[in-house]
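Below is one structure, written out as structure tokens; the observations come after it.
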Amino acid sequence: MIGVSLSRWTMSYFAAALVSLLAAEIMMAASCGFPSAAIAAPETLILVHVVVIGWLSLLMCGALLQFVPVLVAHPLYSNALALPALVSLVAGLAGLIAGFLQLDGRIDAGIPFFPFAAVLLVSGFALIVWNLVRTMMAAQTIPLPAQFVGVGLVSVALTVVLGAIFSLVLGGAVDYAPFASLTASGLPIHAVAGLGGWLTFTAMGVSYRLLAMFMLAPELERTGTRAAFYLGTAGLAVAVVGGVLAILSEGNLPIVLLAAFATGLLALVFYGRDILHLYRARKRRTIELNSRISAVALVCLGASVALILLLLALGGLDEHIGAVIFLSVFGWLSGLGLAQLYKIVAFLTWLECYGPVLGKAVTPRVQDLVVETRAGKWFLLYFLAVCAGTVALLAGFPMGFRFAAVALLVATAGIIAQLVRTRRLADVKAAGRFPQGAQRPRLLRSHAA
């Protein structure tokens, strides 16, 4: 990646995402939302959207602004669109939270928060999608990992459209019968498009590239990789398109979702085989912390699938869907996100600070910016908390879940502290911290555009 431009606002996206993650964990520790409230309760929906939009989506958007140009070997279409997109997304999330509070009777203002939130979120995600799609369209070739991202961008567009419909109906702005039907029954489709298509499928594509790059493993575009792509795409199409048609035609939505799950499960099997191959074929024999933690996140993905299959066999999926979602979101998606963020922040900081003087002065290595033994303890606590929280939800023990959420909060705060130290170059020996010509990195914004 030497010579690749740094996205100016990526660190700001990461910072906003991490603040949202802390906020969500504080909410869980304070018994705000599930399991103290119903899954469909407004306070649970606030918690869900803080996690999915505030944490995971902002994290993904910031990462894609930096790494889509790497995936397709072409500069980002526009650096100017990143900031207004971030402002729109954060403001839209705030409006959505206000709308749910209004729905719960906690805000009496006559302001139409849901329609405002819909406009802002659609605008923010549209800017992101436009920027990334134009970047990919301008490239000479679109490698398979970038094609995963492309499907993820289609998925986020569909997720946002469904969310906007829900907001307009809940806010009383429209009473169109098909939209009302989608709002009443379309939550599972909205969740599949967001968690399965936008976040998981995009994470799969990005992880192919990042794990290969950070472990010095060969790029994968073999038959199994293509099978994962086509099967995953087909599963998402069945779930979203087929699901919408089933609702509008009063068909059997559970059967459609079950067929989509079966197809998606096959895609995950091929993906898992590919990732295992990357670990085995790597040239870097000593696996760094981010790759070790990514492996744990992948185990959580496998555990989530196994838990779904077990609960389906026992007939208890509806009762324990909260535990499945928690393990998937915090074990798989958040675990992978934090693991890669730990490396990405160090790598981008190193590029920003020492890239201008490479070959002209002695510079630290990327690994000199971090202390893995210290950070590893926080990651260990994080995944132990995820396991404890999942068990507590399965056992119907809300107080145990609160304790797990507190541990999750402490662990996340510890990881964030390590990220700040990395950004501040606090662990680099003072003598070689700033060779002549090196740039001092700013916390929230990169020097290079």
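What follows is calculated from the coordinates using simple rules that are stated; it is not laboratory data. From a predicted model like this one, the values you see are computed outputs, not experimental measurements. Cβ sites come from the backbone with ideal geometry, for glycine too, and all protein chains shown count toward neighbours.
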Next on the checklist: Test of understanding: in a Gaussian network model of the chain with alpha carbons linked when under 10 Å, which of Gly235, Gly124, Gly316 would top the mean-square fluctuation ranking?
Outcome noted: Gly316
Item to check | Expected 222 nm ellipticity per residue - DSSP helices of 4 or more, -39500 (n - 2.57), all of the chain, to 500 | outcome: -22500 deg cm²/dmol
Checklist outcome for this item: One finds the C-alpha centres of the range 372-440 and the range 21-64 to be spaced, in Å, by 18 Å
Checklist entry - Leu258 label point, 7 Å along Cα→Cβ, cut-off 15 Å on backbone N: hits in the range 285-320? => result 309-318
Next on the checklist: For the range 132-261, I need the span (max minus min coordinate) of the C-alpha atoms along each principal axis, in Å, sorted largest to smallest.
Outcome noted: 53, 30, 23
Checklist entry - Can you list the residues of the range 240-262 with backbone N under 16 Å from a point 7 Å past the Cα of Ala184, pointing along Cα to Cβ? => result 244-254
Checklist entry - Based on the mean of other beta carbon atoms within 10 Å per residue, what is the order of 15-25, 99-109, most packed first? => result 15-25, 99-109
Checklist entry - For Glu288, Glu250, what's the fewest-to-most ordering of other Cβ within 10 Å of each Cβ? => result Glu250, Glu288
Checklist entry - Percent of alpha carbon pairs in the range 89-205 separated by more than 24 Å? => result 33 percent
Next on the checklist: Normalised by the empirical 2.2 N^0.38 Å for globular proteins, what value does the Cα Rg of the chain take?
Outcome noted: 0.96
Next on the checklist: With Kirkwood's inverse mean 1/r over C-alpha pairs for Rh, give me the Rg to Rh ratio of the range 1-142, two decimals please.
Outcome noted: 1.06
Next on the checklist: At a threshold of 8 angstrom on Cα-Cα distance, excluding pairs fewer than six apart, so keeping six or more, what relative contact order does the chain reach in percent?
Outcome noted: 18 percent
